[in-house]
Amino acid sequence: MQFSTITAFLTLAMAGTGLAVPVDAQAIPAEALEARAPAQLIDLWGDANFLGLKYTGTAERGACINLPSNFASIITSGKARSGLKCTTWINTGCTGTGFSFISSAKFDSWIDNKSKSWKCIAL
Ligand SMILES: *[C@@H]1O[C@H](CO)[C@@H](O)[C@H](O)[C@H]1NC(C)=O
């Protein structure tokens, strides 16, 4: 008897909290929330065949990121994380000519050692 009274009380108490799910989180699809969260999107290397100095880029999908000075103008190969298309550009701010790849790429000679910014979007 006492046990079921406590159970009933706890059930009511939990219902009263509404489980505190923010209203805006309910309105946004899970996939969109995932896209907004900063995550590791791209790996870039200074040498061919994914060797040499390695840069891992963390950002929200669709955000343009300038490479730090120690990686600008040295990138020769790269990998986009699963489900993404990544692009690097010859100028900062994702401007100028861009080189896009899915999965992995050895950079063409015109972009080799010239990437200064990058962006990744969902496939
Ligand atoms: C890119 O840099 C590497 C290392 O300095 C060099 O061996 C390679 O020839 C460069 N590539 C181009 C296209 O200049």
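The values are calculated or read from the model by the stated rules, or taken from the named source; none is laboratory data. No experiment lies behind these values; they were computed from the predicted model shown. Methodologically, a virtual Cβ is constructed for each residue, glycine included, from the backbone with ideal geometry; neighbour enumeration extends over all protein chains shown. What goes into the accessible areas is simple: the full protein's heavy atoms, side chains included, and nothing from ligands, DNA or RNA. Shrake-Rupley method; radii C 1.70, N 1.55, O 1.52, S 1.80 Å.
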Which residue is modelled with the highest pLDDT, if the candidates are limited to segment 22-51 and must be farther than 17 Å from W118 by Cα, open to solvent by less than 50 Å² (accessible area, probe 1.4 Å) and not in a loop (DSSP other than H, G, I, E, B)? A48
Test: residue in segment 62-71 that is outside any loop (DSSP other than H, G, I, E, B) and open to solvent by less than 50 Å² (accessible area, probe 1.4 Å): yes
Matching residues in segment 62-92 - criterion: being of a type outside the set (A, V, I, L, M, F, W, C) and touching a Cys at 6+ places or on another chain (Cβ under 6 Å): none
Considering residues that are under 19 Å from the mean Cα position of the chain (by Cα), among the hydrophobic types (A, V, I, L, M, F, W, C) and within 17 Å of P68 (Cα to Cα), the number found within segment 87-110 is 2
Filtering segment 70-103 down to residues that are among the polar types (S, T, N, Q) and under 21 Å from P38 (Cα atoms), which residue is farthest from the ligand (Cβ to nearest atom)? S82
Based on this model, can you work out whether N91 counts as in contact with a helix residue (DSSP H, G or I) (Cβ under 6 Å, 6 or more places away or on another chain) and of a type in the set (S, T, N, Q)? no
